[in-house]
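One structure is given here, and the rest of the page talks about it.
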Amino acid sequence: MGDVYHTSVLQQEVLDSLNVESGGLFCDVTLGDGGHAKAILDRLPSEGVVVGIDQDSQAIQRAQHRLAAYGTQFKAIPGNFRNITELLGSAGVQQVDGFLCDLGVSMLQISEPSRGFMFSQSGPLDMRMSANGQTAEEIINTLSEEELADIIYQYGEERKARRIARAIGRHRKERAIRTTQDLRDIVRQTVGEKFLIKSLARVFQ
């Protein structure tokens, strides 16, 4: 496993806000590669503990590799922090002295073609943060044109959402849309080269 990790932002501000030198148990509900968790562990007394939660199994593996030297001071829990009460309860955590939530995604997630977030390289239309739930491929190939147009417009603010949804509908009548390249080609044919990059960014968003 490589040692290239996402760089966590505002580490000093996080440490100052949490007052980690006093010890206790701290929970990073968006663990990622463990950058913030490492900064906290470096400041914690030996009896202090950091619990990290993340729904991305690859992120969990990277964080565990990165923080292995801290032993029992670090514990990773796979899951979505919307279920934090159940997740912490199942881990036997009764009390937390501080929470950290760093919303967003890392470039490591976005730039990995196999995750399906990129339109610059071909990969499977996955776009999931975890192995659970529907893939983008399933959504693209099963929702109605109206539903797709609503998603693209509401979440991506793409003005040509209905045209793109109709193009998706025409394409999938001939064959399923399976890769990011398939989707990119459909958007290109619909909006043209002049507006392609902006439209791709909105559709993939």
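The values are calculated or read from the model by the stated rules, or taken from the named source; none is laboratory data. This is a predicted model, so every value here is computed, not measured. Cβ placement follows ideal geometry from the backbone for every residue including glycine, while neighbour counts extend to all protein chains displayed. To get the accessible areas, we keep the full protein, side chains included, count just its heavy atoms, and leave off ligands, DNA and RNA. Shrake-Rupley method; radii C 1.70, N 1.55, O 1.52, S 1.80 Å.
Quick notes on this one:
- Rounded to 5, percent antiparallel among DSSP beta bridges of the chain: 10
- Zone of Tyr155's modelled label, taken as backbone nitrogen in the range 54-83 under 18 Å from a point 7 Å along Cα→Cβ: 55-56, 80-82
- Cα gyration tensor shape for the range 141-205, rounded if a/c is under 1.5, else prolate or oblate: oblate
- Whole-number D in µm² s⁻¹ for the chain, Kirkwood Cα-pair radius fed into Stokes-Einstein, 25 °C, 0.890 mPa s: 129
- Net charge over other residues, Cβ less than 14 angstrom from the Cβ of Ser22 (K, R count +1; D, E count -1): -3
- Amide H to amide H distances under 5 Å link Met127 with Gly116, Phe117, Ala136, where only residues 5 or more positions off or on other chains count and H is placed in the peptide plane.
- Under 20 Å of direct C-alpha separation, and excluding same-chain neighbours fewer than eight residues apart, Lys38 reaches these aspartates and glutamates: Asp3, Glu13, Asp16, Glu21, Asp28, Glu47, Asp54, Asp56, Asp97, Asp102.
- Folded to 0 to 90 degrees: helix 161-174 orientation relative to the chain principal axis, Cα: 70
- Lysines with Cα under 27 Å of Lys160, excluding same-chain neighbours fewer than 8 positions away: Lys173, Lys194, Lys198
- Listed values for the range 23-36 are Karplus-derived 3J(HN,Hα) couplings in whole Hz (6.51 cos²θ - 1.76 cosθ + 1.60, θ = phi - 60°), namely x, x, 10, 10, 10, 9, 7, 10, 4, x, 7, x, x, 5, and x replaces Gly and Pro.
- Structure-based [θ]222 nm, the chain - -39500 (n - 2.57) summed over DSSP H runs of at least 4, per residue, nearest 500: -13000 deg cm²/dmol
- In Å², nearest 10: area of Phe81 left accessible to a 1.4 Å probe: 80
- Residues of the range 131-205: accessible area per residue with a 1.4 Å probe, Å²: 64
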